[in-house]
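The structure appears right after this line, and notes come after that.
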Amino acid sequence: MAIRKILTEPNKFLRKKSLRVENVDENIQKLMDDMLETLYAAPGIGLAAIQIGVDKRIIVIDINRDKDKKSKKNHMFFVNPEIIWKSEEKLTYEEGCLSVPNQFAEINRPKKCHVKHLDYNGDFQELKAEGLLATCIQHEIDHLEGILFIDYLSKLKKAMIIKKLSKQKKENVERIVV
Ligand code: ZN
């Protein structure tokens, strides 16, 4: 397993639509192992493959991780996830994203959703999610479509955040005179 570099906005690759996984083979499982290690190291509660530069429809989620560091790890892999039902009822969380560092905003999403997907072994699964898990799944599936949570904000607010992130990126570059 290896910790991979997480891409941050602004980055055109994050806006790419991810491709379906044809076969959950050893290479895909190795990628999932890396995603899990990267998620725990970040630390975060959800990660999509596109965030580590791989445009495949894979996400990993562990919502127990952030709440209580001592709690048992309880991760879930979703390959080719698809939302098949969303509730009318909505829920608001203040969301952040590993690819949008240090920025947070209240986002309103369906409170419950049903999702079908393949698991780590390539077996078909259907899951009924609600609350934090449902929000996290929707946030991660957005990544597979090239959508970030800041896309739900007003144009002005989004532009301000991207400006801040661009500035942060520049500050992180070491300046040398040769
Ligand atoms: Zn994210």
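Bear in mind these aren't lab numbers, they're just calculated from the coordinates by the rules spelled out. For clarity, every value in this text was computed on a predicted model and none was experimentally measured. Using ideal geometry, Cβ is built from the backbone for each residue, glycine included, and neighbour counts are taken over all protein chains shown.
Which links in K16/K169; K111/K167; K56/K167; K56/K90; K86/K164 stretch past 31 Å when you go from one Cα to the other? Display every interim value, and only then the final one.
Numbers: K16/K169 20 Å; K111/K167 35 Å; K56/K167 29 Å; K56/K90 29 Å; K86/K164 33 Å.
Pairs exceeding 31 Å: K111/K167; K86/K164.
Which peptide among 129-139, 151-161 comes first, and what is the full order, when sorted by highest mean count of other Cβ atoms within 10 Å? If you can, show how the numbers build up before the last one.
On the way: 129-139: 20.2, 151-161: 13.1.
Descending mean neighbour count gives 129-139, 151-161.
Listed values for the range 170-178 are Karplus-derived 3J(HN,Hα) couplings in whole Hz (6.51 cos²θ - 1.76 cosθ + 1.60, θ = phi - 60°), namely 5, 5, 7, 7, 6, 9, 10, 10, 10, and x replaces Gly and Pro.
Is the shape of the range 3-57 best called rounded, prolate or oblate, per the rule: a/c under 1.5 gives rounded, else a/b larger than b/c gives prolate, else oblate, with a ≥ b ≥ c the square roots of the Cα gyration tensor eigenvalues? Before the final figure, lay out the partial values.
On the way: a/c = 2.32, a/b = 1.10, b/c = 2.11.
It is oblate, given that a/c is not under 1.5 and a/b is not larger than b/c.
Across the chain, C-alpha contacts under 8 Å between residues 6 or more apart give a mean separation that, scaled by the residue count, equals a relative contact order of 23 percent. Restricting attention to the chain, close to 95% of DSSP beta bridges with both partner residues there are antiparallel.
For N27 and L127, the difference between the fully extended length at 0.36 nm per residue and the C-alpha to C-alpha distance is 33.5 nm.
Could you work out the helix-only [θ] at 222 nm for the chain, with each DSSP H run of four or more residues adding -39,500 (n - 2.57) and the total divided by the number of residues, to the nearest 500 deg cm²/dmol?
The per-residue figure over the chain is -9000 deg cm²/dmol.
Where the centre of each part is set by its Cα atoms, how far does the range 106-120 sit from the range 122-137, in angstrom? What the calculation gives is 5 Å, centre to centre.
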